[in-house]
Amino acid sequence: MRKRIGLLGGTFNPIHIGHLQMAQAALEALALDEMILMPDGDPPHKTPDGATKLDRLRMTELAAAGRFNVSALEVERPGKTYTVDTLEMLKAQGAEEIYMLIGADTLRELLTWRDPPRLFGLCTFAAFGRSGCAWPEAPEGARVVRLEAEIPGVSSTEIRRRVAAGLSVEGMTPQPVVEYIGAKRLYHPPRLLTDGEMRRKLQQTLAPSRYEHVMGVEETARRLAKQYGVDEARAGLAGLLHDCAKVSDRERMLAWAAAYGVDRALLPQDVPAAWHGPVGEAVARAEYGVTDAGVLHAIRVHTTGCEAMSLLDKVLYVADMIEPGRAYPGVDEIRAAARQSLDGAVLAAMRRKLAYVKSTGRALDPRTAQALAWMEQNRAETLNGEK
């Protein structure tokens, strides 16, 4: 263990970007040798809800991503975990100076922690103040360093609330943590509907011709997934729900967007034909109970595409363009391309879509042009690498 360390502990239920920015700010401001993130095991003041201590440890590891060290010391220790015992163990492992990161409000609570005199002799508290708030007086004997940093006003409580309500938490915690929460279905998200329930709900929501299209996309997505090594069940789910918000009533779509917190930047005013992708992602999460981040992302970009498309994104994009009910000029060429190369089919589909939009004089969603440029560059690099 390095000599001069920072320690940020907490339930991390889940860890979020505010925690990470505190850790980075302290690491730089105090010129620390090491920053340790340490999830609580069985904290005396809190009872973590919705995730096990091993879940919280894994989410912390995913969030740290090698930038900070993560310690399982408290998670692995049986019984109630007290900070003073943890600090003594770190000292025994070779830490000479320990800076414990806290919010300034916590200074008022330090005298309620176990054995304050011993605690105060083991560390210096690196306290982060809140803009516009007065600094509380530190207890006698506590060594305190004041730190100032712009920390986002994100809370673990708000993340758990949003997940339980079927709302997105993208940007509130690192994407690998978002994906972990979804994969493990932590924090009681809306119940995942059964296959039959999904189909009945879609039939009640969509026009008959749209529902028939959805069935064709699901079938085609499964076939392409099998051909190109993508999980067939995930591809089928994405295909089934990709148009779950495609209704003719624009006001209904905007109401969904408002209810489920869709970023209005994803709904360009002059390209309403692209709205059902991001709105569909939100509806699939909130009303159908989907938490698979990859499936949700594929639904979001199935109309526009995006840079760095995943295999699942590509499968759904192509399936939407070539399902058996499609009969526009050029569709057979895209179908032929799909039999040979998934990337080739994506490129052919994007070029066809761009040409069609330009021919109609409609506004073009810039994300499609960006996605095409990325695909063309990526395809060229792949072909050059194969030579």
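If you place +1 on the Cβ of every Lys and Arg, -1 on the Cβ of every Asp and Glu, and leave all else neutral, what size is the dipole of segment 141-190 about its Cα centre, to the nearest 20 Debye?
Dipole size: approximately 260 debye.
Using only Cα atoms, tell me the angle between helix 250-259 and the longest principal axis of the chain; keep it within 0 to 90° and round to the nearest 10.
Taking the Cα atoms of the chain, the angle to 250-259 is about 20 degrees.
Describe numerically, in nm with one decimal, the distance between label points set 7 Å from Cα along Cα→Cβ at Glu150 and at Ser248.
Reported label-point gap for Glu150 and Ser248 is 4.7 nm.
Modelled label-to-label distance, Arg77 and Ala233, 7 Å Cα→beta-carbon offset: nm?
Result: 4.0 nm between the two label points.
Report, in deg cm²/dmol and to the nearest 500, the calculated mean residue ellipticity at 222 nm for the chain, where each DSSP H run with n ≥ 4 adds -39500 (n - 2.57) and the sum is divided by the residue count.
After summing the helix terms and dividing by residue count, I get -15500 deg cm²/dmol.
Under unit Cβ charges (Lys, Arg +1; Asp, Glu -1), what dipole magnitude, rounded to 20 debye, does segment 178-288 have relative to its Cα centre?
240
How much FRET efficiency would the formula 1/(1 + (r/R0)^6) give for Gln21 and Arg185, where r is the Cβ-Cβ distance and R0 is 30 Å, rounded to 0.05?
FRET efficiency, Gln21 to Arg185: 0.60.
Arg118 to Arg351: extension gain in nm, 0.36 nm per residue of separation minus the Cα-Cα distance?
Taking 0.36 nm per residue and subtracting the Cα distance, the gain is 77.0 nm.
What's the carbon and sulfur percent of segment 66-175's accessible surface, probe 1.4 angstrom, rounded to a whole number?
Carbon and sulfur: 47 percent of the exposed surface of segment 66-175.
Can you sort Asp243, Asp42 by solvent-accessible area, 1.4 Å probe, largest first?
Ranking Asp243, Asp42 by accessible area, largest first, yields Asp42, Asp243.
In debye to the nearest 20, how big a dipole does the chain give about its Cα centre with +1 on each Lys and Arg Cβ and -1 on each Asp and Glu Cβ?
Here the chain has a charge dipole of around 740 debye.
Please tell me which of these pairs span more than 28 angstrom C-alpha to C-alpha: Lys53/Lys226; Lys184/Lys353; Lys80/Lys184?
Check vs 28 Å cut-off fails for Lys53/Lys226; Lys184/Lys353.
What does the highest-first list of 103-113, 17-27, 226-236 look like by mean Cβ count within 10 Å?
Top to bottom by mean Cβ count within 10 Å: 17-27, 226-236, 103-113.
Projected onto the charge dipole of the chain (+1 at Lys/Arg Cβ, -1 at Asp/Glu Cβ, origin at the Cα centre), which of Ser341, Phe120, Thr86 gives the Cα projection farthest towards the positive end?
In the chain, that residue is Ser341.
Rounded to the nearest Å, what's the spacing between the alpha carbon centres of segment 161-209 and segment 284-338? Just the number, please.
18
Only one of the values (1) 22.8, 89; (2) 20.3, 57; (3) 25.5, 80 was calculated from this structure for Rg and Dmax of the Cα atoms in Å; name its label.
Comparing each candidate, only (3) matches the computed number.
Compute the acute angle (0 to 90°) between the alpha-carbon long axis of helix 342-360 and the principal axis of greatest extent of the alpha-carbon atoms of the chain; round to the nearest 10°.
70
What angle, in degrees between 0 and 90 and rounded to the nearest 10, separates the Cα long axis of helix 366-386 from the longest principal axis of the Cα atoms of the chain?
Once rounded, the angle reads 90 degrees.
The values are calculated or read from the model by the stated rules, or taken from the named source; none is laboratory data. This structure is a prediction, so every number in the text was calculated from the model and none was measured. Please note: Cβ atoms are built from the backbone with ideal geometry, for glycine as well, and neighbour counts cover all protein chains shown. Protein only, heavy atoms only, side chains kept; ligands, DNA and RNA dropped before computing areas. Shrake-Rupley method; radii C 1.70, N 1.55, O 1.52, S 1.80 Å.
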